[in-house]
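The values are calculated or read from the model by the stated rules, or taken from the named source; none is laboratory data. Just so you know, these numbers come straight off a predicted model, no measurement behind them. Positions of Cβ are backbone-derived with ideal geometry, glycine not excepted, and every protein chain shown enters the neighbour counts.
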Amino acid sequence: MEKWSDPRHVSGLAAERLAADYLETQGLNIIERNFRCRGGELDLVCVSAAVLVVVEVRQRNRRDFGGALASVTLAKRRRIMRTAEFFRLRAPQWRRHSVRFDLIAVEGSPDGAYELFWIKDAFRP
């Protein structure tokens, strides 16, 4: 199945749009979406004052097995942190900013009934 026709991919993109819109209403500036490198991907990179905020967006239709929040494993967190370091190396203007890792969980369907949870400082290096 092609990536763009996969319902999970479409749902994930919709969740990322919801998260980005929400964060902007909260005063964060989105500077990058879906930053990719060989080591991983960053869903959203934002700036809030002097803080570079890396946001992982997770979406689950159901809460079985812990839902969206439980889906961010230790290995996933490590990949995100390594990718964020690579992002900062490639973009010197952000090197002096402190970094915070947030998580946004979208429980339910982004195009239907859903709940959005924003966990600031969800994990640390």
- [ ] Working only within segment 75-103, note down all residues that are acidic (Asp, Glu) and farther than 21 Å from residue 118 by Cβ.
- [x] 85
Task: Filter result (in contact with a Cys (Cβ under 6 Å, 6 or more places away or on another chain) and of a type in the set (D, E, K, R)) within segment 86-125 - done: none
Task: Residue satisfying all of: in segment 42-56; touching a strand residue (DSSP E or B) at 6+ places or on another chain (Cβ under 8 Å) and at pLDDT below 95; surrounded by the fewest Cβ atoms within 10 Å (Cβ to Cβ) among these - done: 50
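A quick yes/no check of all residues on (1) at pLDDT 90 or above; (2) among the polar types (S, T, N, Q); (3) assigned to a helix (DSSP H, G or I):
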residue	(1), (2), (3)
67	no, no, yes
72	no, no, no
77	yes, no, yes
81	yes, no, yes
84	yes, no, yes
88	yes, no, yes
102	yes, no, no
Task: segment 97-112: number of residues that are touching a residue at least 24 places away in the same chain (Cβ under 8 Å) and either surrounded by fewer than 17 Cβ atoms within 10 Å (Cβ to Cβ) or among the small types (Gly, Ala, Ser) (or both) - done: 6
Task: Residues that are assigned to a helix (DSSP H, G or I) and either under 12 Å from the mean Cα position of the chain (by Cα) or among the aromatic types (Phe, Trp, Tyr) (or both), drawn from segment 17-44 - done: 17, 18, 19, 20, 22, 23
